[in-house]
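The values are calculated or read from the model by the stated rules, or taken from the named source; none is laboratory data. This is a predicted model, so every value here is computed, not measured. Every residue, glycine as well, gets a Cβ built from its backbone with ideal geometry; the counts of neighbours run over all protein chains shown.
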Amino acid sequence: MSSNPQVCGVPENILSLLSIPANREALRRASHDPTHAESFTRFSKAWKPIKQLLQPLDSSFEHLVTIHDGQVHDPLGAGSYVFQKSLISATIHQLGLPELPLSSGHEDNPLLPTTLIVHTGAQPNNSPHAGTLVVFFKTFLIAQHIRMHYDKILEEGRLSALEVQWIHNFTVKVQLNLVDTAPDNAKTPKPGADGIHYQRSLRSGDLFPSLLPDYKEVMALAAEAVGGKVPYEIKTQTNLLRMTSIPKIIEEIVKNREVIGKTLSPETGKLAMRAACSKDGCGLAEKHGLHNKYLTLPDGTVVISFVCSERNHGRHEISTANPEEVARLEFNTPLRNLVRTLAYGLDTNESRTVARGKGGGEVRVHMRVTGMDYAGTYSEQLLWRPLCLLPFKIDPPVILYAPLIVDWAGSKLSKSLYVKDSAYKYLEEQNMSYLLSYGKMKEAGKDPMVLFELVNGWVQEPKKMFRSYSIEYLHQCFSKQT
Ligand SMILES: [Zn+2]
């Protein structure tokens, strides 16, 4: 008899373990609910001989298998500690919204009619994946919970007539800002003989219109999930660039281009400001702004000259004195982040000043929800530092970050890697590719509300919001629903 007897390729010691009904039940329960501690212990015992079975095949496979206890921890620390019970009220304070009922000594604070706009964004170069859905759902949930915060105060009934009126007039809405100025890779040429990088943006091609329905569908889904009480709108970059403050923001950034260029584009030291060439339907824009020329006129307006050598189109210009031309400007991601933060910050500050004046008016308060890959060093060096350097008086931005969805190694889930480099084959083999695309999620019959409920749990228990979540964890949440 062999020292390692097998029946149909399965070692006898595994068969003997599986012959015990309690073990079979433990494996069944562990596969349905890995958090069940007793099942896990029995599963672990059964797993050891299975690993021995794998080893003779190829020991290099062993590192691909991870077994864990299924326990989810939410240790407190940093943001999760500070905001564990007060994320919504802290956000309301940071936004400068009224903290009702007004405390004694503050009753004469003017209660100005207010709209809160909760922004989020996306580069629409693919059908939104699970990470994008998480950001959209969090945006709507934050808007809903701020609304609910005031509705609860209203129910408690300790408010003055003016305070009641303010709550009735208070509007919270969501705005999705689609970055249609991001590069359309399929229509972007390789660098020419002169080494200059040109790009065509999404708004010049047909990919963006083809993907728009998925974004509209997810936004409608999110709005419905929060009870249909949070209005929303979808905007593109032109809407941002038509804001009245944009010309003076561009003029100031151009004036400080030495320091802002080196801060936001450390590899080139230049402002990555561009515009599509309009000759003969060309549409090419010099990606890094390396050959831009800037001229500041005596009245403070700026003329920016761009090059299009790809087709010998020469130079073309945009003047900050012409709003139609300003609306055609495009920026790389850090510069766009700075421009829009200044524009929304100025809008909040200036609308407050106007509303406090004799003529009155409405205050527009802006905040942002985005993915956690834009937190940390990125935000501190590429947003807050330039904000401190430029001479604008704005209300400090309020940005909430949604947890990143990561792969097994902790890397951000990337749809572009999936599309361009055929990454994540292992997800397809395990029927998990529905998490890479809303389109595939629909095809697979998976309910996006599983993700919505997950995010809702984070908003209700904010200590769960200050970290990443693995794609395997998300898949487990979906599996529990089937
Ligand atoms: Zn051209």
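Considering each residue of segment 179-219, count those that are β-branched (Val, Ile, Thr), crowded, with 20+ Cβ neighbours inside 10 Å and not in a helix (DSSP H, G or I), and give that number.
Counting residues in segment 179-219 that are β-branched (Val, Ile, Thr), crowded, with 20+ Cβ neighbours inside 10 Å and not in a helix (DSSP H, G or I) gives 2.
Confirm whether Ile153 is under 27 Å from Gly457 (Cα atoms), among the β-branched types (Val, Ile, Thr) and assigned to a helix (DSSP H, G or I).
When the stated conditions are applied, Ile153 passes them.
Looking at segment 134-150, which of its residues are out of contact with any strand residue (DSSP E or B) (no Cβ under 6 Å at 6 or more places or on another chain) and surrounded by fewer than 22 Cβ atoms within 10 Å (Cβ to Cβ)?
Within segment 134-150, His145, Met148, His149, Tyr150 qualify.
Only one of these is at pLDDT 95 or above, among the β-branched types (Val, Ile, Thr) and closer than 13 Å to Ile260 by Cβ: Val365, Val339. Name it.
Every option except Val339 fails the conditions.
Name the residues in segment 288-315 that are at pLDDT below 90 and basic (Lys, Arg), would you?
Arg311 - this is the single residue of segment 288-315 that is at pLDDT below 90 and basic (Lys, Arg).
Say whether the condition of being in contact with a Gly (Cβ under 7 Å, 6 or more places away or on another chain) and within 16 Å of the ligand (Cβ to nearest atom) is met by at least one residue in segment 190-200.
Yes, segment 190-200 contains a residue that is in contact with a Gly (Cβ under 7 Å, 6 or more places away or on another chain) and within 16 Å of the ligand (Cβ to nearest atom).
Anything in segment 220-247 that is without any contact (Cβ under 8 Å) to a residue 60 or more places away in the chain and in a helix (DSSP H, G or I)? List them, or say none.
Result: Ala220, Glu224.
Can you pull out the residues in segment 270-297 that are within 16 Å of the ligand (Cβ to nearest atom) and exposed (fewer than 13 other Cβ atoms within 10 Å of the Cβ)?
Within segment 270-297, Ser278, Asp280, Gly281 qualify.
Got a sec? Which strands (runs of 3 or more DSSP E) wholly within segment 298-397 have at least 3 residues that are surrounded by 17 or more Cβ atoms within 10 Å (Cβ to Cβ) and within 16 Å of the ligand (Cβ to nearest atom)?
Counting at least 3 such residues, we get 302-308.
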